[in-house]
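What follows is calculated from the coordinates using simple rules that are stated; it is not laboratory data. Small disclaimer: the values here were computed from a predicted structure and weren't measured. Positions of Cβ are backbone-derived with ideal geometry, glycine not excepted, and every protein chain shown enters the neighbour counts.
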Amino acid sequence: MLKFDMSDIYKGSGFSQGLDRGLMVYDDEVLLVEEGMGLGACALQTGGRTYFTSIKDFKRDGFSFDVIYSIDMKLELQISGRTSKFITKAQEYAVKNIYMKHKKRQEQLLYFGAILRKLFNVKTCFVKVPTLGELRIIYKLCNSDILVDLSCDTENTFSRLFVMNELGGNIFDKSILNGLPSYPPSGWKKMENGCELYSSAHSLSFTIVEKKVPDNVKSKLYWGRELIANNCCWAGFESEIICESGTFQNYIYSIKFKEVSQ
């Protein structure tokens, strides 16, 4: 039986260890998140840098969670324990302009990046900074579906907001395309109709459906999976949101879970 909860205690593992997660997903008592960011976690890209969120406050009322996130965790890279702005910006540029634009080579690029990180002793850290704004997310639990209602208010106009819905990459090891079993995408790929991520161990699949896109918002949907030992271990769906004003209300989507026997 699926269960859902919110916590600011679980900080993940691997590349994103130390960050607050979104909504947590359990199958009975087994946490399905691994290194994934959970449901509804956000990252803001602006000025060539990436900022994540921390949980400021959350309340549960029956079958809903009302969560306030502060955009106040900046991604930094360290070499031998020393922060390097040059390496951080170089990685940000490479991810945006090389990795995301070469869909067929993402797996090779991911492994190559992991080798370089190990060779040069590059570590990821997240530094607390003055907040760039707040997000309010209301999660409504509807049996095996989660309705996510997101509103955003940033101090400055932003380039991109990424809304991540990620569970474990070891757990969700396959996909379903138009009802047929398939391999999951390696890295991020633009989403098509009929895409589901599937866990053979839990006989469970999940997908995303947009319900409402505000008039001042443009959105794109992606799905993907990354699995690199001691670095990345996630599979999920992502919304890329562009809003020139930096403020919008009620971007709404649904995460749908389904029991599947393959």
request  = Enumerate the amide H contacts of Met191 below 5 Å, restricted to partners 5 or more residues apart or on another chain; note that Pro and chain-start residues carry no placed amide H.
outcome  = Leu221, Tyr222, Trp223
task = Kindly state, to the nearest 0.05, the FRET efficiency for Asn178 paired with Asn216, given R0 = 35 Å and r defined as their beta-carbon distance.
result = 0.60
note = For Gly246, other-chain or 5+-apart residues with amide H closer than 5 Å (H placed, Pro excluded) are Phe158
note = Once Ala229 and Lys190 are pulled to full extension, the length gained, defined as 0.36 nm per residue separation minus their Cα-Cα distance, is 11.6 nm
Sorted by Cβ neighbour density within 10 Å, fewest at the top, the residues Ile138, Ile68 = Ile68, Ile138
remark   = Within the range 131-174, the residues whose backbone N lies under 19 Å from a label point placed 7 Å from the Cα of Glu244 along the Cα-to-Cβ direction are 152-161
ask   = Arg49's amide H: which non-local residues (gap 5+, or another chain) put their own amide H closer than 5 Å, with H modeled 1.01 Å from N in plane and none for Pro or chain starts?
value = none
Taking Val30, Val25 and counting other C-beta atoms within 10 Å, the order from fewest to most = Val30, Val25
note = In order over the range 204-217: 3J(HN,Hα) from phi, Karplus 6.51/-1.76/1.60, θ = phi - 60°, whole Hz, x for each Gly or Pro, gives 9, 10, 8, 8, 10, 9, 6, 10, 8, 10, x, 4, 8, 10
key: Table column - 3J(HN,Hα) (Hz), the range 196-201, Karplus curve with 6.51, -1.76, 1.60, x for Gly and Pro   = 9, 9, 10, 9, 5, 5
request  = Could you list the square roots of 5 times each eigenvalue of the Cα gyration tensor of the range 1-69, that is, the equivalent ellipsoid semi-axes, sorted largest first and rounded to whole Å?
outcome  = 22, 16, 9
task = Beyond 18 Å between alpha-carbons counts as too far, so tell me which of Lys74/Lys220; Lys3/Lys258; Lys11/Lys174; Lys11/Lys56; Lys3/Lys56; Lys189/Lys220 fall in that bin.
result = Lys74/Lys220; Lys11/Lys174; Lys3/Lys56
task = Treat each spin label as a single point 7 Å out from the Cα along the C-beta direction, and report the Asp57 to Ile9 distance in nm.
result = 2.2 nm
message = I'd like to compare 146-152, 240-246: which one has the highest average count of other Cβ atoms within 10 Å, and what's the full order after that?
response = 146-152, 240-246
